[in-house]
Amino acid sequence: MTEPSPDGLARRHRSRRIVLPLTVVSAVVAGTVLSGCGQQRDDDVYTVMNSSTDESYHRWDGDTLARCSKQLGITIEQQSVPAAQLMTKALRMASSKSLPDVLQLDASEMPTFAEAGGLIPLKDLGLTTTDIPEGIVDFGSFDGKYYGAARTVNTLALFYNKDTLDKAGLKVPTTWAEMQSTARKLTRGKQYGLALSAGGAEDGVFQFTPFMWSNGGDETKLDSPEVAGALDYWKALLKDGSLSKSTVNWTQADVNDQFMAGNAAMMINGPWQVETLNAKKGLNWGIARIPVPEAGDDSVGPLGGGVLTVPNTGDTERERTAAKIIGCMAGEQEQITYALNSWMVPANSKAAAVWRTKAPELAALAGQVSTARSRTAKVGAQWSSVSLALQSAFQSALTGESSEAALKRAQQQVTSGN
Amino acid sequence: MSSTTASAAAPPAGPKAADAGAASMPVNPRSAKRRRTLAQWGFIAPAVIFMALFFGYPLVRNVVMSFQDYSPSTFFTGEAPFNGLDNWNNVFSDGLFGKALWQTILFTIGSLAGQFCIGLALAVFFTRRFPLNGILRSLILLPWLVPMVVSGIVWRRIFDQDTGVLNSFLGTVGLPADTPWLTSTGMALVSVILVNIWIGIPFNMVILYGGLQEVPKELNEAAALDGASAWRTFRSVTLPMLKPVITVVLVLGFMSTVKILDLVLALTDGGPADSTQTLGTLTYQNSFVQMDFGAGAVVGNILILISAVFAVFYLRVNRNEGK
C-alpha cells in the first residue's frame with residue numbers, strides 16, 4: 001500500500017472529494033438522531049396525551065378538546081398512544097423534557113408516575129373535588145394527594161342473556177350460591193353458565209377483585225382465608241363445569257365474544273363492551289350487580305378507567321392552564337356527554353344523577369360504582385407486584401394447586417419484593 | 001458516479017489549484033499515504049458511527065443499567081444510583097428466573113428440532129419435480145408472511161379448548177376432543193412450541209432448499225452407481241455438503257428463538273401459572289409491567305450473553321469453512 005498508484009493525482013482528488021461528503025453525511029445523520037431528543041414547545045398550543053386510539057374514542061375526545069379550546073381561547077391538540085405503551089412513552093418524554101401538558105393515565109398506573117415525582121397535585125393548581133364521591137377521589141389520589149381527575153369511571157357487573165334466563169325460568173342471581181346454581185342449570189351443550197376472565201394479565205386480576213373484596217379479602221394480605229374463599233368459589237364454578245376450562249386463557253374481550261356467540265349465558269364484564277353488545281342483533285342482554293357471598297353483603301367492584309393528570313414540567317404558567325383544560329374536560333356537561341358516548345358512569349355525582357335518567361338500562365352499573373374501590377388505594381405503586389403475584393396464584397389454583405398454598409406463595413413473593 | 005468523473009475531468013479551480021500545484025512537484029508519498037488512510041476511514045466512518053450509536057450504546061447502557069437502581073423516578077431526576085449486584089441477586093433469587101430459563105431451553109430445543117426436521121424434509125421433498133411444485137412451495141411460505149402477533153391471536157382461537165377448531169376437528173375424526181392446549185400447565189408450553197415450529201418451517205425450508213440446489217447432481221448419481229441406497233446417499237453425500245447451510249439455519253434460528261416474546265404474549269401471556277414464561281417475557285414483565293428496569297436489564301444481558309456465545313461459535317465454524 002506504500003507505493004504511489006500510477007494515477008495518484010486523480011485518486012487523491014477523488015478520495016478527498018469523497019471523504020468530505022461522507023463525513024458530512026455521518027455528521028448530519030448523527031445530528032438528526034440527537035436533535036430528535038429535544039423538542040420545542042409552542043406557546044399557544046397545548047397537548048393532551050391519551051390512549052384513545054380507537055376511532056370513536058379519538059373522535060369524542062377531539063370534539064371535547066375543540067369545545068374546550070374555544071372556551072379557554074387556546075389550541076389543544078390530542079396525541080393518542082396505545083394504552084400498553086402510554087406509560088413507557090410518557091417516561092421517555094419525561095427524560096427528554098418533552099412531556100405533554102395533560103396526560104391521561106390508567107388509574108392503576110398513576111401511582112407509579114406520581115411516586116416518581118412526575119405529577120402535580122391538582123389542588124395546588126386550583127382544581128377542587130366538590131361533588132366527587134370519596135371513592136372516586138381516592139381513585140385519583142396517591143399518598144393522600146389528589147393527582148388525577150376522572151371524567152368517568154367504569155367497573156364490572158354481571159351481564160346476562162335475558163332470553164336464556166327467561167326460557168329456563170331463572171331469576172338473576174344475587175348471591176354466590178344462587179349464581180352457582182343458576183350457572184350450573186344454564187350449563188348445557190355448548191353453553192356454559194358463566195364466563196369470566198382469569199387470564200394471566202391485569203384483566204384476570206381486575207375480574208378477581210370483586211370476588212376477593214366482596215368476601216372481605218384484601219390485597220395487602222393475599223394469604224387470608226377471605227381471599228382463599230373467593231378463589232375456592234372460582235374453583236368450585238370450574239369444577240361444576242359452569243366455567244369453561246379456557247377461562248384461564250381468556251381476556252375480557254374473549255369473554256365478551258363467548259357471551260355474544262351464545263357460548264355463555266352470563267358473564268362478568270364491563271360497560272366498555274356495551275357498544276359491541278348492542279351491535280349484535282337479536283341479543284337481549286341485561287345487567288346486574290355482581291352477586292355477593294351472602295345476601296345483604298356489599299358488592300364491591302373495582303374502579304377502572306383513566307384519570308387526567310398534570311405532569312411536572314416545571315413551567316408553572318402552563319401547568320395552571322393545563323389544570324384549566326382538565327377542569328373543562330371533566331366539567332359536568334362534558335362528563336355526561338362522554339359517559340353517554342362510552343357507556344361509563346360520570347365521576348361527578350351531579351353529572352351521574354343526570355346520566356341515570358338518560359341511561360336507565362345501566363342503573364345497576366351506577367349502583368356498582370357507588371360501592372366500588374380503587375385497586376391502588378391501599379398498596380399504591382406496589383400494585384403491579386401484587387397483581388403479578390395474584391395472577392400467578394389464581395392460575396396455579398385453577399389448574400390444580402390448592403388455593404391456600406398458591407396464595408401463600410403469592411404473599412411471600414410480594415413481601416420479598418420480587 | 002457520473003458527477004465524480006465529470007468533476008475529475010474538469011480543470012481544477014479555486015482551492016484545488018493549490019493541490020494541482022503541489023502535484024506538479026515530486027509526489028510526496030507520506031501525504032499521499034495519509035490521504036489514502038483518511039479516505040479509507042472516511043468509508044468506514046459511517047458504519048462505525050452507526051454501529052456505535054445503534055448497537056454499541058444500547059448494549060453498554062444495558063450492562064450499566066443492570067447495576068443501577070433504575071426506576072420510573074430516574075426518568076425525572078436522571079439519577080440512577082449504582083446498587084452493585086442487587087438487581088442480579090434479586091433476579092437469581094426469584095424462583096421465576098430458573099423456571100423461565102428452563103422453559104426457554106425447552107422452547108428453543110423443541111422449536112429448533114421441529115422446525116429443522118420438518119423444514120429439511122419439505123426441502124428434500126420439493127427438490128423432486130412434480131406438478132404444482134412451485135405453487136405448493138409458495139403456499140408453505142404463508143406462515144412466514146403473517147406477523148407473529150397475528151399468528152398468536154389466531155392460534156389462540158384455534159387452540160381454545162371448547163370452541164376451538166382443533167379440538168372440534170379431533171372430535172370429528174374420533175380422537176379425544178378436549179385437549180387442554182393452552183389451559184393446562186403441562187400442555188401450554190408444548191402448544192406454544194408447536195405454533196413456533198409452524199412459524200419457523202418456511203425459513204428452514206427456504207434456506208435448506210437453496211442449499212440443496214447447490215449440491216451437484218453428479219455426486220448423487222455417482223453414489224447411486226456405487227450402489228448406495230437413497231438414505232445412504234442422503235446421509236453420506238447430501239448432508240455433509242449441506243453442513244455450512246445447516247449451521248447458518250440453526251444459529252440464526254437459535255437467535256430468533258431464544259429471545260421469543262411476542263408469540264408467547266399473544267398466545268398465553270406467560271400463563272397459565274407462569275408455565276410459558278421465557279427469559280424474553282420475564283424481561284418484558286420486569287421492565288414494562290413492574291417498571292423495574294434494572295432487573296429487566298439483568299435478564300436482557302443474560303439473553304445477549306447466550307446469543308453472543310452462539311454468535312462466536314457461528315463465526316468460528318464459518319472461519320473454518322473458509323480455510
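The values are calculated or read from the model by the stated rules, or taken from the named source; none is laboratory data. Nothing here was measured: the structure is a model prediction, and the numbers come from that model. Methodologically, a virtual Cβ is constructed for each residue, glycine included, from the backbone with ideal geometry; neighbour enumeration extends over all protein chains shown. Only protein heavy atoms, including side chains, enter the accessible area calculation; ligands, DNA and RNA are left aside. Shrake-Rupley method; radii C 1.70, N 1.55, O 1.52, S 1.80 Å.
Some observations on this one:
- Taking trypsin sites (Lys or Arg not before Pro) across the stretch A:104-204, the ones in a DSSP loop with at most 15 further Cβ atoms lying within 10 angstrom of their Cβ are A:171, A:190.
- Note on the protein assembly as shown: along the principal axes its Cα atoms extend 104, 81, 51 Å, ordered by decreasing extent.
- Residue-averaged 222 nm ellipticity for chain B, from DSSP H runs of 4+ at -39500 (n - 2.57), nearest 500: -22000 deg cm²/dmol
- Diffusion constant of the stretch A:202-343 at 10 °C, which comes from Stokes-Einstein with the Kirkwood Cα-pair radius and 1.306 mPa s, µm²/s: 87
- Counting Cβ atoms of other protein chains within 10 Å of each residue's Cβ and taking the mean over peptide A:187-199 gives 1.
- Over all Cα atoms in chain A, the spread is summed up by Rg and Dmax: 26.4, 102 Å.
- Accessible-area value, residue A:338, 1.4 Å probe, nucleic acids and ligands omitted, Å²: 20
- The Cα center of the stretch A:156-171 and the Cα center of the stretch B:275-323 differ in position by 51 Å.
- Treating r as the C-beta distance of residue A:131 and residue A:275 and R0 as 30 Å, the FRET efficiency rounds to 0.65.
- Exposure check, 1.4 Å probe, all protein chains in place: residue A:240 carries approximately 60 Å² of accessible surface.
- Along its principal axes, the stretch A:109-168 has C-alpha extents of 57, 26, 15 angstrom, given from the largest down.
- Between the stretch B:141-209 and the stretch A:120-139, the Cα center-to-center distance that results, in Å: 49
- Relative contact order of the stretch B:195-323, pairs being alpha-carbon contacts under 8 Å that are 6 or more residues apart, as %: 19
- Across the stretch B:133-189, Cα-Cα pairs more than 16 Å apart make up 56 percent of the total.
- Charge dipole (the protein assembly as shown, unit charges on Cβ, about Cα centre) - positive-most of B:266, A:398, A:293: B:266
- Legend: distances between Cα atoms for A:235/A:280; A:378/B:259; A:185/A:245; pairs beyond 26 Å are A:235/A:280; A:378/B:259.
- For chain B: span of alpha carbons on each principal axis (Å, largest first): 93, 73, 34
- Ranking A:99, B:166 from most to least accessible surface, computed with a 1.4 Å probe over the protein chains only, gives B:166, A:99.
- At 1.306 mPa s and 10 °C, Stokes D of the stretch A:320-384 from Kirkwood alpha-carbon radius, µm² per second: 120
- Taking Cα centre as origin and charging only the Cβ of basic (Lys, Arg, +1) and acidic (Asp, Glu, -1) residues, the dipole magnitude of chain B rounds to 1700 debye.
- Partner shielding of B:264-270 amounts to 4, given as the average count of beta-carbon atoms from other chains within 10 Å of each residue beta-carbon.
- Per-residue accessible area (protein heavy atoms, 1.4 Å probe) orders A:181, A:98 as A:181, A:98, starting from the largest.
- Dipole of chain B [Lys/Arg +1, Asp/Glu -1 at C-beta], most positive-end residue of B:57, B:68, B:45: B:45
- Computed from the Cβ-Cβ distance with R0 of 51 Å, the FRET efficiency linking residue B:232 to residue B:48 stands at 0.50.
- Dipole moment magnitude, nearest 20 debye, the stretch B:42-195 about Cα centre, only Lys, Arg, Asp, Glu C-beta charged: 820
- Looking at chain A, the DSSP beta bridges with both ends there are about 60 percent antiparallel.
- Max mean-square fluctuation residue, GNM over chain B, Cα-Cα springs under 10 Å, options B:203, B:288, B:130: B:130
- Unit charges on C-beta of K, R, D, E only; dipole of the protein assembly as shown, Debye: 3080
- Gain upon complete extension [residue B:261, residue B:194; 0.36 nm per residue less C-alpha separation]: 22.6 nm
- Accessible area (Å², 1.4 Å probe, nearest 10) - residue A:247: 0
- For the protein assembly as shown, the share of DSSP beta bridges that are antiparallel, to the nearest 5, is 65%.
- Exposure ranking of B:48, B:237 by accessible area [1.4 Å probe, largest first]: B:48, B:237
- Under 16 Å of direct C-alpha separation, and excluding same-chain neighbours fewer than eight residues apart, residue A:145 reaches these aspartates and glutamates: A:109, A:115, A:124, A:134.
- Alpha-carbon centroids, the stretch A:227-281 and the stretch B:50-72: separation in whole Å: 43
- Taking A:116, A:339, A:94 in turn, the Gaussian network model of chain A (Cα-Cα springs below 10 Å) assigns the largest fluctuation to A:116.
- Partners of residue B:99 within straight-line reach, counting aspartates and glutamates whose Cα lies under 12 Å from its Cα and excluding those fewer than 8 residues away in the same chain: B:274.
- Shielding score for A:91-98, defined as the mean number of other chain Cβ atoms within 10 Å: 3
- Cα-derived Rg over Rh, computed across the stretch B:160-293 with Rh taken as Kirkwood radius: 1.15
- Residue A:353-residue B:178 pseudo-label distance in nm [points 7 Å out on the Cα-to-Cβ vector]: 5.4
- Relative contact order of the stretch A:184-270, defined on C-alpha pairs under 8 angstrom at six or more residues apart (%): 46
- Relative contact order of chain B: 24 percent, from C-alpha pairs under 8 Å at least 6 residues apart in sequence.
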